[in-house]
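Enquirer: Below are the structure tokens for one structure; questions will follow.
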Amino acid sequence: MAGNNRSKPTKYIYISFWSTTKVSLSSSLSVAVRFQHRKLASHCKSKLWKQMKMGKKAKKGNSGFDDNGYKKNATSQVTDGTGKFKKSFKHHQNSDSQAPVIRKQVEPETAKYFSEIANLFESQGVDVEERSVICGNALEEARGKEFELATDYIISNTLQTLLDGCNLDNLCSFLRGCANIIPAIAMDRSGSHVAETAFKSLARHVQDTEAYTIIEETLKMICKVIVVNPLDLMCNCYGSHVLRSLLCLCKGVPLDSPEFHGAKGSKVLAERLNLKVSHLDGNDSQHLQQGFPSLLKFLVSGMMNCTKEDMKTLQVDQYSSLVLQTALKLLGGNDQELLHIIPVLLGCNKENLAEGKFIDMIIAGETVESMKEPAFSHLMEVILEVAPESLYNNMLTKLLKNSLFELSSHPCGNFVVQALISHARTKDQMELIWEELGLKFADLLRMGRSGVIASLIAACQRFQTHEYKCCEALATAVGSKNETSKFIVPRILFLDSYFSYDDKSSWSWPGGAKMHVMGSLILQAIFKFQSEWIQPYILSITSMDAEHVLEAAQDARGARVIEAFLASDASTKQKRRLVVKLRGHFGELAMNLSGSFTVERCFNAGNLSLREAIASELLAVRTELSKTKQGPHLLRTLDIDR
């Protein structure tokens with residue numbers, strides 16, 4: 001929203017109270033629990049509550065404590081969870097604040113009551129049915145005090161237990177009761193855990209068709225509150241995580257799904273190097289539960305509409321970037337929504353969108369520069385992954401063209417280029433990328449950007465284009481025309497060591513050093529090409545000294561390279577030339593989980609005499625080998641376990 005219609009951030013004012021009083025169970029309640037009598041327990045609980053109401057009244061101005069146990073004033077600004085005052089964003093400094101949310105002190109009798117509840121559950125004297133009733137009654141007592149209780153360091157833990165054990169009606173009643181203050185709860189260190197627990201409890205009921213309507217209405221109330229002013233929530237370290245869980249709940253994705261809370265780098269790398277099919281193709285419903293697609297669309301579009309004027313801030317903020325990444329992944333395959341959202345994320349204005357222009361050329365340079373920021377580079381990786389083909393093509397030709405080498409040279413920007421290469425849709429797009437980077441192999445390796453090289457090699461294989469040029473460019477980058485090919489594989493295995501060596505002509509195998517992860521992956525990809533294109537690499541690996549071949553086989557990264565060579569199109573004679581250099585060490589290698597795969601490959605590549613030699617060496621260590629995890633399988637596979 002522009003101008004005066006732009007939403008104003010809410011300032012939340014806390015008055016924290018940390019109850020430190022430990023109270024034992026009343027005798028009447030203890031008796032009820034001991035005899036496991038539901039009616040008596042309910043009666044005694046009600047009686048206990050009335051007694052507390054008639055007991056000591058809370059003293060005005062009772063001392064409060066912060067999360068670290070220190071006394072503090074009755075009112076304070078929202079803290080960032082570390083005891084320091086939360087700094088306002090630059091774009092908030094001149095804005096008018098809305099009515100603040102006041103956090104009152106937790107009344108002593110209320111704190112005492114929830115302490116009793118906590119002790120009751122810790123005693124483990126309550127059966128399942130009683131637990132649900134007690135949880136429901138306790139949540140009723142929390143009505144009107146949800147914010148104070150959820151943000152209390154101690155009581156919040158009890159509240160999580162109640163939300164986890166109550167029935168659906170009580171759960172939804174609690175969430176509806178605090179819907180208007182859910183952002184304030186979510187942005188608190190303790191409150192965020194309460195909100196997460198509530199969403200996880202809701203997720204357990206979404207498969208129940210009878211519960212669908214009540215859950216949808218509850219989530220709708222929460223979403224309507226969030227879209228009024230999502231900016232603070234998105235940029236908060238606690239709130240952003242809660243918001244991502246809400247997005248997953250609306251989609252029907254498990255809330256603990258790693259794919260949507262940040263995929264591991266190894267998984268992303270595997271997809272980029274053709275080692276694994278992407279899980280975000282929009283058609284993978286294997287792990288999907290019942291979702292709320294209309295709410296997901298409403299929540300995401302609402303967030304985008306309200307924050308588009310602050311997009312420059314959201315692009316580079318660590319936490320808002322994570323929220324946007326999750327939203328994009330969840331919308332993967334929904335081209336209509338993505339065509340609307342992604343241009344806004346890239347800073348495209350209304351006029352350009354109305355004209356069907358996805359990229360604002362006026363700010364293209366500024367947008368590319370922002371890709372060097374860690375948060376935006378991660379966001380761009382996801383954008384390139386999920387973008388519809390027409391939009392991807394626009395980003396390549398109008399936004400990123402002529403900037404690929406510049407971005408590839410940057411510590412953060414190079415990951416954007418890797419994503420661009422890995423998610424190219426056509427040969428023509430790959431041609432444009434090759435024009436800018438095909439002659440830059442040596443420069444990129446010198447700068448330590450081997451990931452860009454690996455992505456290029458994988459993409460050339462996928463599109464079956466520039467394959468020979470790719471192999472030739474890599475070989476040239478790690479040597480000179482005057483040198484023999486024997487040095488190629490060792491130098492790629494130790495990329496960092498080689499390129500950090502001043503006098504590269506005198507570089508030698510660094511014994512004992514760990515082999516380079518990306519160098520290993522590059523060589524594995526190279527050995528997938530046709531043998532006529534990789535003869536220099538075949539000559540190099542078969543020319544390695546026996547001690548170096550053994551060292552490579554003992555290193556998991558080097559072993560994968562040997563296995564890739566043995567699975568390549570190289571001739572049987574060339575493969576056996578390498579295998580014989582490991583004679584006398586097959587038993588030793590088999591004792592290692594990684595080495596056992598290499599032994600199996602060597603056995604399959606060997607002739608009769610080599611296979612007999614390998615079998616003989618394994619029989620010599622059969623007793624010890626059979627005790628290992630991989631031993632029995634290896635012995636059976638090679639038909640030695642007889």
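Enquirer: Would you confirm whether or not segment 201-209 contains a residue that is outside any helix (DSSP H, G or I) and either more than 27 Å from the chain's Cα centre (by Cα) or of a type in the set (D, E) (or both)?
Expert: The first filter runs over segment 201-209 and keeps only residues outside any helix (DSSP H, G or I), leaving 204-208.
Filter once more, keeping what is either more than 27 Å from the chain's Cα centre (by Cα) or of a type in the set (D, E) (or both): 208.
The answer is yes; a qualifying residue exists.
Enquirer: So, one more: In contact (Cβ under 8 Å) with a residue 60 or more places away in the chain and in contact with a Lys or Arg (Cβ under 7 Å, 6 or more places away or on another chain): is that true of Y212 in this structure? Show your work before the answer.
Expert: On the way: in contact (Cβ under 8 Å) with a residue 60 or more places away in the chain: yes; in contact with a Lys or Arg (Cβ under 7 Å, 6 or more places away or on another chain): no.
Answer is no for this residue.
So that you can scan it fast, the table gives a plain yes or no per residue for (1) modelled with pLDDT under 90; (2) in contact with a helix residue (DSSP H, G or I) (Cβ under 8 Å, 6 or more places away or on another chain); (3) part of a loop (DSSP other than H, G, I, E, B):
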site	(1), (2), (3)
H261	yes, yes, yes
S266	yes, no, no
K276	yes, yes, yes
D284	yes, no, yes
G291	no, yes, yes
L296	no, yes, no
N305	no, no, no
K312	no, yes, no
S320	no, yes, no
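Enquirer: Could you check segment 287-327 and list, in sequence order, the residues that are under 13 Å from the mean Cα position of the chain (by Cα) and among the aliphatic types (A, V, I, L, M)?
Expert: Result: L322, V323, L324, A327.
Enquirer: Okay, next question. Considering only residues that are under 17 Å from S403 (Cα atoms) and either in contact (Cβ under 8 Å) with a residue 24 or more places away in the chain or of a type in the set (S, T, Y) (or both), which ones fall in segment 366-383? First the steps, then the outcome.
Expert: If we filter segment 366-383 for residues that are under 17 Å from S403 (Cα atoms), which is where we start, we get 366-373, 376-377, 380-381.
Of everything in segment 366-383, those that are under 17 Å from S403 (Cα atoms) and either in contact (Cβ under 8 Å) with a residue 24 or more places away in the chain or of a type in the set (S, T, Y) (or both) turn out to be T367, V368, S370, M371, K372, E373, F376, S377, M380, E381.
Enquirer: Right, next: Within segment 605-633, which residues are within 26 Å of S571 (Cα to Cα) and not in a helix (DSSP H, G or I)?
Expert: G606, N607
Enquirer: With the structure loaded, tell me whether R143 is out of contact with any Lys or Arg (no Cβ under 9 Å at 6 or more places or on another chain), of a type outside the set (D, E) and within 21 Å of F292 (Cα to Cα) or whether it fails that test. Show your work before the answer.
Expert: On the way: out of contact with any Lys or Arg (no Cβ under 9 Å at 6 or more places or on another chain): yes; of a type outside the set (D, E): yes; within 21 Å of F292 (Cα to Cα): no.
In short, no.
Enquirer: Provide a single number: the residues in segment 495-512 that are under 34 Å from the mean Cα position of the chain (by Cα) and more than 14 Å from V549 (Cα to Cα). It would help to see each step written out before you state the result.
Expert: In the first step, residues of segment 495-512 are kept if they are under 34 Å from the mean Cα position of the chain (by Cα); the result is 495-500, 512.
Remaining after also requiring more than 14 Å from V549 (Cα to Cα): 495-500.
Count: 6.
Enquirer: Here is a follow-up. Among the residues of segment 145-157, are any of a type in the set (V, I, T), surrounded by 18 or more Cβ atoms within 10 Å (Cβ to Cβ), within 20 Å of V253 (Cβ to Cβ) and within 30 Å of the chain's Cα centre (by Cα)?
Expert: No: zero hits.
For (1) surrounded by fewer than 22 Cβ atoms within 10 Å (Cβ to Cβ); (2) of a type outside the set (S, T, N, Q); (3) out of contact with any Gly (no Cβ under 9 Å at 6 or more places or on another chain), each residue gets a yes or a no:
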| residue | (1), (2), (3) |
| --- | --- |
| I222 | no, yes, yes |
| N229 | yes, no, yes |
| L243 | no, yes, yes |
| L249 | no, yes, no |
| V253 | no, yes, no |
| D256 | yes, yes, yes |
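Enquirer: Are any residues in segment 510-523 surrounded by 19 or more Cβ atoms within 10 Å (Cβ to Cβ) and under 22 Å from H585 (Cβ atoms), and if so, which ones?
Expert: Our first condition is that a residue be surrounded by 19 or more Cβ atoms within 10 Å (Cβ to Cβ); within segment 510-523, this holds for 515-516, 518-523.
Selection gives M515, S520, L523.
So that you can scan it fast, the table gives a plain yes or no per residue for (1) touching a residue at least 60 places away in the same chain (Cβ under 8 Å); (2) in contact with a Gly (Cβ under 9 Å, 6 or more places away or on another chain); (3) not in a loop (DSSP other than H, G, I, E, B):
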site: S390; (1), (2), (3): no, no, yes
site: N394; (1), (2), (3): no, no, yes
site: L399; (1), (2), (3): no, no, yes
site: N402; (1), (2), (3): no, no, no
site: F405; (1), (2), (3): no, no, yes
site: P411; (1), (2), (3): no, yes, no
site: Q418; (1), (2), (3): yes, yes, yes
site: R425; (1), (2), (3): no, no, no
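Enquirer: Which numbered condition in (1) charged (D, E, K, R); (2) under 25 Å from A424 (Cα atoms); (3) free of Cβ contacts under 8 Å to residues at least 40 places away in the same chain is the only one that E483 fails?
Expert: Going through (1) charged (D, E, K, R); (2) under 25 Å from A424 (Cα atoms); (3) free of Cβ contacts under 8 Å to residues at least 40 places away in the same chain one by one, E483 breaks only (2).
Enquirer: Please verify whether L589 is crowded, with 18+ Cβ neighbours inside 10 Å and more than 22 Å from F527 (Cβ to Cβ), treating the condition exactly as stated.
Expert: no
Enquirer: With (1) surrounded by fewer than 21 Cβ atoms within 10 Å (Cβ to Cβ); (2) acidic (D, E); (3) more than 28 Å from the chain's Cα centre (by Cα) as the list, and D164 as the residue in question, which single condition is left unmet?
Expert: Condition (3) is where D164 drops out.
Enquirer: Follow-up question, since we're still on this one. For segment 121-142, check the following and say yes or no: at least one residue is part of a helix (DSSP H, G or I) and under 21 Å from N229 (Cα atoms).
Expert: As a first pass, look at segment 121-142 and keep what is part of a helix (DSSP H, G or I): 121-122, 128-141.
Imposing the further condition that a residue be under 21 Å from N229 (Cα atoms) reduces the set to none.
No, because not a single residue in segment 121-142 is part of a helix (DSSP H, G or I) and under 21 Å from N229 (Cα atoms).
Enquirer: Name the one entry in R577, R583, R560 that is modelled with pLDDT of 95 or more and under 33 Å from the mean Cα position of the chain (by Cα).
Expert: Numbers: R577 fails: under 33 Å from the mean Cα position of the chain (by Cα); R583 fails: under 33 Å from the mean Cα position of the chain (by Cα).
Of R577, R583, R560, the one residue that is modelled with pLDDT of 95 or more and under 33 Å from the mean Cα position of the chain (by Cα) is R560.
The values are calculated or read from the model by the stated rules, or taken from the named source; none is laboratory data. None of the values given here were measured: they were computed from a predicted structure. Positions of Cβ are generated from backbone atoms using ideal geometry, with glycine treated the same way; all protein chains shown enter the neighbour counts.
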